[in-house]
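Notes to accompany the following structure.
Readers should treat all values here as calculations from the given coordinates under stated rules, not as data from a laboratory. Fair warning: this is a prediction, and the values are worked out from it, not measured in the lab. Don't worry about glycine lacking a Cβ; one is built from the backbone with ideal geometry, like all the others, and counts go over all protein chains shown.
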Amino acid sequence: MSSSTGPGSGLPVRMPRPRQSGRHRRPEPVSAPDGAPVLVLAVPGTPSAEARSLAEEVVSIARAELPGLHAVVAFTEGEGEEYPALQEVLTEVTAGRVESPDEPPAVVVPLLAGPDSVQLRGLRQAVLNSGSGAALTEVLGPHPLLAEAVHVRLSEAGLARADRARLFTVATAADGIILVTVGGEEAVQAAGITGMLLSARLAVPVLTAGLDTEGSVAAAARQLLESGSQQLALAPCLIGPEVPEGLLAAAAEEAGCAMAEPLGAYPSVGKLVLSAYTGHLGIQPQPASAH
């Protein structure tokens with residue numbers, strides 16, 4: 001029987017957990033504001049089931065970081081329901097939305113690690129042709145989180161030492177890295193910044209090269225070998241869908257070295273996509289840091 005002061009002694013009483021204060025207090029979770037613009041993840045390259053799966057995983061990471069986020073996937077070269085084209089998606093997601101002088105109806109984030117001029121030109125044209133008033137963000141890199149992601153892909157392939165926390169060594173670790181990208185000279189220069197960050201992490205020389213520039217990979221390999229490197233590795237500073245099939249394997253064969261996988265849906269990629277989006281809204285989810 002319950003007393004006038006509460007339940008009987010046989011029933012536990014759930015008390016509210018006191019909120020932590022001071023520097024140990026956990027940050028309050030941030031959610032997407034009501035009516036926030038739609039995040040449209042623009043996937044470059046030829047559409048495929050693999051590219052769609054990768055993009056959906058990246059979007060899932062972004063949603064986990066920002067609950068309530070409305071995000072969709074579109075393809076710059078898409079067609080049909082399976083691979084919806086960017087222009088059509090923008091027209092659909094912005095239909096009926098009330099225009100705001102402060103925010104665009106949608107924010108388009110390119111799934112690109114670097115400034116691929118050809119891809120970005122197509123993206124800008126699609127956004128313009130949609131008449132949606134959507135905003136187009138910058139690409140994801142260069143950024144320290146991309147250097148972290150490249151490092152992890154190299155270690156997964158047995159081509160680099162793992163991070164300091166795990167302290168495991170790899171007998172086959174490369175002593176010279178060719179960091180490759182696509183998109184012309186501007187993309188190579190941007191990847192060079194990520195390359196410097198990667199070199200600092202690995203304590204080995206890193207040179208950048210353009211997969212779409214004839215002789216660029218071979219020249220980088222030759223320069224590394226001449227400077228004393230003996231075991232090279234090819235590391236893509238690329239998400240994946242933007243690379244024509246077979247191009248990475250051909251470059252690794254040209255350089256005579258092993259290759260790491262593209263960045264794919266590494267968690268940092270999803271976080272950088274979200275960061276590009278929130279940059280337009282003035283909201284800041286709990287930031288991630290590169291190790």
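Some observations on this one:
- Nonlocal amide H pairs with GLN231, under 5 Å, H built at 1.01 Å: ASP175, GLY176
- Overall, the anisotropy analysis places the stretch 128-228 in the oblate class: the square-rooted eigenvalues a ≥ b ≥ c of its C-alpha gyration tensor yield a/c not less than 1.5, with a/b not exceeding b/c.
- Magnitude of the charge dipole, the stretch 210-291, Cβ model with Lys/Arg +1 and Asp/Glu -1, debye to 20: 420 debye
- Relative packing of peptides 199-210, 103-114 - highest average C-beta neighbours within 10 Å first: 103-114, 199-210
- In this rough spin-label picture, where each label sits 7 Å from Cα along the Cβ direction, the ALA203-ALA49 distance is 4.5 nm.
- Two-site FRET efficiency, ARG97 against ASN129, from Cβ-Cβ distance with R₀ of 25 Å, rounded to 0.05: 0.85
- A straight chain from GLN231 to SER31 at 0.36 nm per residue would run longer than the Cα-Cα distance by 67.3 nm.
- Cβ-defined net charge surrounding GLY215, 15 Å radius [Lys, Arg +1; Asp, Glu -1]: -4
- Charge sum, other residues only, whose C-beta stays under 15 Å from ARG63's C-beta, Lys/Arg counted +1 and Asp/Glu -1: -2
- Cut-off under 5 Å, modelled amide H: who pairs with LEU112 long-range: LEU140
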